[in-house]
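The values are calculated or read from the model by the stated rules, or taken from the named source; none is laboratory data. The structure displayed is predicted, hence computed values, not measured ones. Cβ: placed from backbone, ideal geometry, glycine included. Neighbour counts: every protein chain shown.
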Amino acid sequence: MDTIEISNLRVRAVIGFSAHELQEPQDIVINLRIGTERRLASETDDPADALNYRTICKAIIALVEGSQFALVEKLAEEIALRITVDFAAPWVEVSVKKPGALRHSDSAGIRIERRPADYAKNLAYISLGSNISPAKNIIAAIALLRRYTTLLAISPIYRTAPQGYQQQSPFLNMAAKAHTLRTLEDFKIAVIDRIERELKRERDPANKNGPRTIDLDISLWNDSIMQFGERPWEIPDPDIFRFAHVAVPLAALAPDYLHPVTGTTLSQIAGSFEADDLELVQLGFGSPGD
């Protein structure tokens, strides 16, 4: 296997958690070693047969400059994910350094190695909804999912009519796909419940279908069929077959995913609904790296 090396890629990023670190972008130095099996390029001398490192650099710069990270560990992981998944590299070594981060030291940072198999973690599909400042809270929820998970993809956003209790504002609904090292139970507590708590989700015992700042549900977990927690919650979420606002965003993320219980694809399930009441909405974010 050959290795492409990109040395001392300098990018400006907002990274850290101290107050002074969040005031303005700071210099980050990135070094990459990327495995490539495209040996044909050495025979043909044709750029089309080579791994395009210029495109990779542009993607990494856009990722770093368009995001905010607390830790270099998270930034390095996001870079490795982008290179191994989006660019299909069989192996990558990522070094991220913060110059001047420590007194008496030139820099501080981390070096990681990853392969595509390292991202064969638990795969979660999360359904999101909000009808209290919905645009603001949906965007905030996705930002928090990016922080607490390896966010892989997000669906389009739909404006939908409320279910159950009609005397309330319409909802914005969408779905997200994420990798995590956490167990299902830990993911529910440390990610789902945490995000709802941070976005001030309040539950009315007398009206479970009432307005909410945010609602996150684990709709699918790998290809599991199970119950968990005290409630208990069900995986897959039965609402996939009940509501278009759950099925349609999930199908947009993974149309060929086979429902673990019925064996039907999410696309087939979504197609069984009258989706006329789902209105596409554009918000201020795109793919996970944007």
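Can you spot a residue in the range 238-247 that is more than 19 Å from the chain's Cα centre (by Cα), hydrophobic (A, V, I, L, M, F, W, C), in a strand (DSSP E or B) and at pLDDT 90 or above?
We begin by selecting, within the range 238-247, every residue more than 19 Å from the chain's Cα centre (by Cα); these are 238-245.
Still in the running and hydrophobic (A, V, I, L, M, F, W, C): 240-241, 243-244.
Remaining after also requiring in a strand (DSSP E or B): none.
No - not one qualifying residue is present in the range 238-247.
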(request) List every residue pair whose Cβ atoms sit under 7 Å apart, with the two residues 6 or more apart in sequence or on different chains, where the first one lies in the range 196-212 and is surrounded by 10 or more Cβ atoms within 10 Å (Cβ to Cβ) and the second, anywhere, is of a type in the set (V, I, T). (result) E196/I214; L199/T213; L199/I214; K200/T213; R201/T213; R201/I214; P211/I132; R212/I132
(request) Report, by residue number, each residue of the range 257-288 that is more than 18 Å from A124 (Cβ to Cβ) and in a loop (DSSP other than H, G, I, E, B). (result) T262, G263, T264, S272, F273, E274, L278, Q282, L283, G284, F285, G286
(request) Counting only residues that are closer than 15 Å to A76 by Cα and β-branched (V, I, T), give me the strands (runs of 3 or more DSSP E) lying completely in the range 91-155 with at least 3 of them. (result) 92-99
(request) Being without any contact (Cβ under 8 Å) to a residue 60 or more places away in the chain, part of a strand (DSSP E or B) and within 14 Å of A101 (Cα to Cα) is the filter here, so list the residues in the range 13-40 that pass it. (result) V14
(request) Check R182 against each of (1) surrounded by fewer than 16 Cβ atoms within 10 Å (Cβ to Cβ); (2) part of a loop (DSSP other than H, G, I, E, B); (3) under 20 Å from the mean Cα position of the chain (by Cα) and name the one condition it does not meet. (result) (1)
(request) Might you check whether a residue that is farther than 23 Å from R114 by Cβ and at pLDDT below 90 occurs anywhere in the range 50-57? (result) no
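Hey, could you check the range 120-158 for residues that are of a type in the set (K, R) and out of contact with any Leu (no Cβ under 6 Å at 6 or more places or on another chain) and say which is surrounded by the most Cβ atoms within 10 Å (Cβ to Cβ)?
We begin by selecting, within the range 120-158, every residue of a type in the set (K, R); these are 121, 136, 146-147.
Narrowing the set further to residues that are out of contact with any Leu (no Cβ under 6 Å at 6 or more places or on another chain) leaves 136, 146-147.
Values: K136: 14, R146: 21, R147: 16.
Filtering first and then ranking leaves R146.
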